[in-house]
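Report on the structure given below.
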Amino acid sequence: MIQIKNLVKRYGDLVALDHLNLEILEGEVFGLLGPNGCGKTTAISCLLALLKYDKGEITLFGREMHPDSYDIKRKIGIVPQEVAVFQELSVVENIDYFCGLYIKDKVKRRECVEEAIDFVGLESHRKMRPNQLSGGLLRRLNIACGIAHKPKLVILDEPTVAVDPQSRNHILEGIQKLNKDGATIIYTSHYMEEVEQICTRIAILDHGRNIASGTKEELKRMIKMGERITIEGIALDKEQLQEIKELPHVFQTDYKNQKLVVCCSGAKQNLMRVLHYLQEKEISFGKIFSEMPTLNDVFLEITGKELRD
Amino acid sequence: MIQLMKYRFLSLLRDRTTMFWSLLFPLILCTLFYVTFGNIDTNLECIDTAVVVRDESRQAKTFQTFLGDIEEEAEDLIKTEEMTDKKAKSLLKDGKICGIFYIDKEPELLVAGTGVEESVLQSFLESYQGGLEIVQNVSREKPENLPELMKHLSGSAMQAEYVKEASLGGKETDGMIQYFFSLIAMTCMFGCFLGFEASMMIQANIYPVGARRCLGATGKMKIILSDFILICVINFVDILVLLGYMTGVLKLDLGDDIGKIILVSFVGCLIGVAMGMLVGSVGKWKEGTKIAILLAVSLGSSFLSGLMVGGIKGLIEEYCPIINRINPSALISDAFYSMTIYEDASRYTRDVLSMAVWAVIFLIGNFFMVRRVRYDSI
């Protein structure tokens, strides 16, 4: 559905997109994950023919996108990072206005508007103006304005920034429902949990480059860490710490303030081995739990820094 | 397109700042103009004055004759009535007359206030006393010139008959009304700010709403045209309200050419809005830069049209007339000017047509500036 090849975008000396390559297939929820300033929004803006770019090729629905490619635009719904609505219009008026940029038929548009209001759960706020809505409801309105015309491709640029957990869940569930109904989704975020939760395929961006892409399982398989074991309320001496480090598949330990983090490679039974050691040495502890690697671990291992840095 | 216009209309109508500047501010300014200028004319129409004769001498009678001449020649300005001192003072106390002239060898004026009317009465007395002094000096030093002087002074008293404001173009003019025409022209030019704002609203690098509108499947020309028509209508309705207020509430006499005034106002709206939209679309700068450009252009055009400093327009007409032909402010003010000055409508027609043509050119320019645009940064 979308192909981006060797896309380069410079702002003066700053290279915002550095030979970016992406391919997005029909029907997937594609996540663009990366820290702030990594080039996610720039990539989206180039894709939508809003921004000039220095080099590269972009095709949407098999065609090159231009600012006046209205037949392509009709198939796209955009939910920008900033809330883009008219402050003087009510919820229903805003949705109807933006839907009207795509659908001319009044009856059809009315149906679409009602469905969009229902979809984002703003029925009881339909006559309110944007300044009367909370941050979460405002974001829902922003989404409704972008999806009311039932696009085949929905691009959501960080739609959950500054949103309360309830609205966030509502938004994420809504995105999954849109996908289920047949829309292809591009979802940009720097919240890895969200991307992990909803995206079927993910590209991790850093400094304008696609540093890794694939399903979350594929991404996690790219790194050494297979399991992270955390033990809280534990007192260890140097010798014991060294012995834990030497356990099979353990490649890294971090011990601070009576908290031990043990990173193990992908083999199974890591937790059992650690527990067995603690029992054998009669070392008491408060709490123990095991986690699978996150996308942050992927990012950390590939770039050497935290995703939120 | 109607759906787009409907919501843009609601959006503009609910924007209190916009409505204040485009509708209420001209009304407030008009009221201030009326209070400042309008009342001067109205109150000067007739100053009721009492005349109390204290002395029947020839010298005293001269002043009475002087007052009679003034009343006769400028009947709308002063109305005198001879009465007793007691009655005159009573009327003055009640505010029914503005002053009392005492006919005496040394004429006197008694007033109860310090307003414009009292100043006018004072100026009559001073004028008489000045003339009397000249007569006395001439009769003392060059008595042979006295008949000639008397003839001249008599002419001065009659001056009001011959001094009547008129134009070379053959129409009578009222200087005060020109201020109200300038106000209408200014309201037309307010359309420039409305057009500018509308132009900003379709640019992705300025407003998020602009980005969303750019990404819609509706052509830029349609969006620009719908905004243009809507804002012109709003601005024109504002002017009609202003005209209604001037003629209906303030009872200002704008002349017999109300149709022509409405036509200039309408075309003025077109060019004002189109100019604002064009300025808003030039370049890909951020909002602050564009506002600075708009202010420079709008203030510059007002300056060059002579709305700030008189005579500039004439100088431009002499050395670079093309500026007067493309400057919206100059065209609007010139259309009003030629409408009130010339019987011949050719200059008025030329101004109106120029404005219409430039409005179309500005609008097309705006479209070409924003169509198919890709930004360097957002």
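As a test of the formula, what do you get for the protein assembly as shown when each DSSP H run with n ≥ 4 contributes -39,500 (n - 2.57) and the sum is divided by the residue count, at 222 nm and rounded to the nearest 500 deg cm²/dmol?
Theoretical 222 nm ellipticity from helices: -16500 deg cm²/dmol.
Be a star and scan the range A:180-205 for residues whose amide nitrogen sits under 15 Å from the point 7 Å along the Cα-to-Cβ vector of A:N296.
A:190-197
Rg/Rh for chain A to two decimals, with Rh computed the Kirkwood way over all alpha-carbon pairs.
With Rh from the inverse mean 1/r over Cα pairs, Rg/Rh is 1.08.
Could you grab the Rg to Rh ratio for the range B:166-277? Cα atoms only, Kirkwood for Rh.
1.14
Compute, for the range B:55-149, the length of the dipole vector about the Cα centre, with Cβ point charges of +1 (Lys, Arg) and -1 (Asp, Glu) only. Units Debye, rounded to 20.
Roughly 400 debye, rounded to the nearest 20.
Mind checking which of A:V92, A:A144, B:W285 is farthest towards the positive end of the protein assembly as shown's charge dipole, using Cβ charges of +1 (Lys, Arg) and -1 (Asp, Glu) about the Cα centre?
The listed residue farthest towards the positive side: A:A144.
Can you give me the distance in nm between label points at A:R221 and A:D71, each placed 7 Å from the Cα along the Cα-to-Cβ direction?
4.0
For chain B, what is the relative contact order in percent, using Cα pairs closer than 8 Å and at least 6 residues apart in sequence?
17
Describe numerically, in nm with one decimal, the distance between label points set 7 Å from Cα along Cα→Cβ at A:L25 and at B:A292.
5.2
All other residues with a Cβ under 13 Å from the Cβ of A:G286 taken together, and with Lys, Arg as +1 and Asp, Glu as -1, what is their net charge?
Local charge sum for A:G286: +1.
In a GNM of chain A with a 10 Å cut-off on Cα contacts, which of A:I202, A:I155, A:I231 has the highest mean-square fluctuation?
Sorting by GNM fluctuation, first place goes to A:I231.
Taking every pair of alpha-carbon atoms in the range A:213-255, give the share separated by more than 14 Å as a whole percent.
The answer is 58 percent, as a whole percent.
Expressed in nm to one decimal, what extension gain is obtained for the pair B:S90 and B:F368 from 0.36 nm per residue of sequence separation less their Cα-Cα distance?
92.5 nm
Along the Cα→Cβ direction, 7 angstrom out, place labels at B:Q136 and B:V357. What is the inter-label distance in nm?
6.7
Within a 10 angstrom radius of each residue's Cβ in B:200-209, how many Cβ atoms of other chains show up on average? Whole number is fine.
Mean number of neighbouring Cβ atoms from other chains: 3.
Specify which residue in the list A:L247, B:L23, A:F285 is farthest towards the positive end of the charge dipole of the protein assembly as shown, using unit charges on the beta carbon of Lys, Arg (+1) and Asp, Glu (-1), about the Cα centre.
Of the listed residues, the answer is A:L247.
Using a cut-off of 12 Å between beta-carbons, work out the net charge of the residues near B:R372 (Lys and Arg +1, Asp and Glu -1, B:R372 not included).
Surrounding charge for B:R372 is +3.
What FRET efficiency, computed as 1/(1 + (r/R0)^6) with R0 = 45 Å and r the Cβ-Cβ distance, is obtained for B:R58 and B:Y179, rounded to the nearest 0.05?
FRET efficiency, B:R58 to B:Y179: 0.45.
Charges only on Cβ, +1 for Lys and Arg, -1 for Asp and Glu: so what's the dipole of the range B:249-352 about the Cα centre, in debye to the nearest 20?
560
Can you list the equivalent-ellipsoid semi-axes of the range A:159-309, largest first and in whole Å, using the square root of 5 times each Cα gyration tensor eigenvalue?
So the three semi-axes of the range A:159-309 are 35, 17, 14 Å.
Tell me the Rg and the Dmax, in Å, that the Cα atoms of the range B:57-97 produce.
12.0, 32
May I ask which of A:K106/A:K127; B:K61/B:K142; B:K87/B:K251; A:K40/A:K104; A:K127/B:K290; A:K127/B:K286 have a Cα-Cα span longer than 26 Å here?
Cα-Cα > 26 Å for B:K87/B:K251; A:K40/A:K104; A:K127/B:K290; A:K127/B:K286; rest within.
So which residue, out of B:M277, B:M246, B:M355, gets the largest mean-square fluctuation from a GNM of chain B using Cα contacts under 10 Å as springs?
Of the options given, B:M246 has the highest mean-square fluctuation.
With charges only on Cβ, +1 for K and R and -1 for D and E, what is the dipole size of chain B about its Cα centre, in debye, rounded to 20?
With Lys and Arg at +1 and Asp and Glu at -1, about 3340 debye.
Given a cut-off of under 8 Å on Cα pairs at least six residues apart, what relative contact order in percent is computed for chain A?
Computed over chain A, the figure is 20 percent.
Running a GNM on chain B with Cα contacts under 10 Å, which residue among B:M83, B:M201, B:M189 ends up with the highest mean-square fluctuation?
Maximum among the listed residues: B:M83.
Can you give me the Cα centroid spacing of the range A:1-16 and the range A:34-69 in angstrom?
Centre-to-centre distance over Cα atoms comes out at 8 Å.
Take every Cα-Cα pair in chain B and report what % of them are more than 31 Å apart.
The share of Cα pairs beyond 31 Å in chain B comes to 53 percent.
Grab every C-alpha pair in the protein assembly as shown, bin the distances at 20 angstrom width from 0 up to the longest one, and report whole percents.
Whole-percent P(r) values from 0 Å outward: 14, 30, 24, 15, 11, 5, 1, 0.
Output the relative contact order of the range A:109-183, whole-number percent, from Cα pairs under 8 angstrom with separation of 6+ residues.
36
If you wrap a convex hull around the alpha carbons of the range A:215-283, what volume per residue comes out, as a whole number of Å³?
85
Give me the inter-chain shielding for A:79-88: mean count of other chain Cβ atoms within 10 Å, whole number please.
That works out to 5 on average.
Work out the charge dipole of the protein assembly as shown with +1 on the Cβ of Lys and Arg and -1 on the Cβ of Asp and Glu about the Cα centre, then indicate which of A:A162, A:G62, B:L32 is farthest towards its positive end.
Looking along the dipole axis, the top candidate is A:G62.
All of the numbers you see were taken from the coordinates with simple rules; none came from a lab. Predicted, not measured: the structure shown is a model, and the values here were computed from it. Positions of Cβ are generated from backbone atoms using ideal geometry, with glycine treated the same way; all protein chains shown enter the neighbour counts.
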